[in-house]
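Readers should treat all values here as calculations from the given coordinates under stated rules, not as data from a laboratory. Everything numeric in this text was worked out from a predicted model, so none of it was measured. Note that each Cβ is placed from the backbone with ideal geometry, even for glycine, and that neighbours are counted across all protein chains shown.
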Amino acid sequence: AQSVTQLGSHVSVSEGALVLLRCNYSSSVPPYLFWYVQYPNQGLQLLLKYTSAATLVKGINGFEAEFKKSETSFHLTKPSAHMSDAAEYFCAVTRQNTGGFKTIFGAGTRLFVKA
Amino acid sequence: NAGVTQTPKFRVLKTGQSMTLLCAQDMNHEYMYWYRQDPGMGLRLIHYSVGEGTTAKGEVPDGYNVSRLKKQNFLLGLESAAPSQTSVYFCASSYLRAATGDYGYTFGSGTRLTVV
């Protein structure tokens, strides 16, 4: 069965430090991969997505993620954290099956940014 | 603005009451979805639709029903609300551009439902 694992339900970094949010997936075929951000009391906003083009994907707000097929990973990074990055982040995997497209979300990682 | 609109944004129900959540999209997307979001559990798929007039069960369908009579609308119904259905509900729609392989999701802003 397809699954998405986000390592660490909470991650805390200092302002200006590297942000690394981990995501591993299981899929027997090349998937579509997404990272979403959710600010308090808001919906999910797309950060970036991988759709089998470049393996290094750049998104909004300075985030990027690299698709590594050999490691089945799609980790999210940002070189320098900003206070406004504090939010919850969700990794998601979509693949096509006979019933259409199926998307599985990770449980989420809450990012805290310390001043 | 184009997108996914959910109504209502907030609702409090008493146990046993019924209600319908409405999702509307104006992007001509074929696929539509209803998710619930609970702390520490990410988003779980309740029901989805691959086109007008079709619906299918997702991961947690019990206690919910859906209908997709028009392509742009996807309704989620609770026939007899239970406290376990207290959650934040998100609707989404998705597209696939066959020529480029581009695939994407658009989410609504959510409905916060409390069942007391």
- Stretch B:K14-B:Y95 to full length: gain in nm at 0.36 nm per residue minus the Cα-Cα span? 25.5 nm
- Give A:K69/B:K71; A:K58/A:K102; B:K9/B:K71 a once-over and call out the pairs whose C-alpha atoms are over 30 Å from each other. A:K69/B:K71
- With 0.36 nm assigned to each residue of separation and the Cα-Cα distance removed, B:R44 to B:D26 gains 4.1 nm
- Task: Determine, from the Cβ-Cβ distance of A:S84 and B:K57 and an R0 of 30 Å, the FRET efficiency 1/(1 + (r/R0)^6), rounded to the nearest 0.05.
- Result: 0.20
- Item | Cα→Cβ-extended label distance, 7 Å offset, between B:S109 and A:I60, nm | 1.4
- When only C-alpha pairs under 8 Å and at least 6 residues apart count, what is the relative contact order of the stretch B:52-106, in percent? 22
- Name the residue, out of B:R11, B:R97, B:R68, whose mean-square fluctuation peaks in a Gaussian network model built on chain B with Cα pairs under 10 Å. B:R97
- Message: Averaged across B:98-104, how many Cβ atoms of other chains sit within 10 Å of each residue's Cβ atom?
- Response: 4
- Please find, in a Gaussian network model of chain B (springs between Cα atoms separated by less than 10 Å), the residue of B:T20, B:T100, B:T55 whose mean-square fluctuation is greatest. B:T100
- Computed over the Cα atoms, what is the radius of gyration of the protein assembly as shown divided by 2.2 N^0.38 Å, N being its residue count? 1.02
- Excluding A:S27 itself, calculate the net charge of residues whose Cβ lies under 14 Å from the Cβ of A:S27, where each Lys or Arg counts +1 and each Asp or Glu counts -1. +3
- For chain B, what relative contact order do you get, as a whole percent, if you take Cα pairs closer than 8 Å and at least 6 residues apart? 34
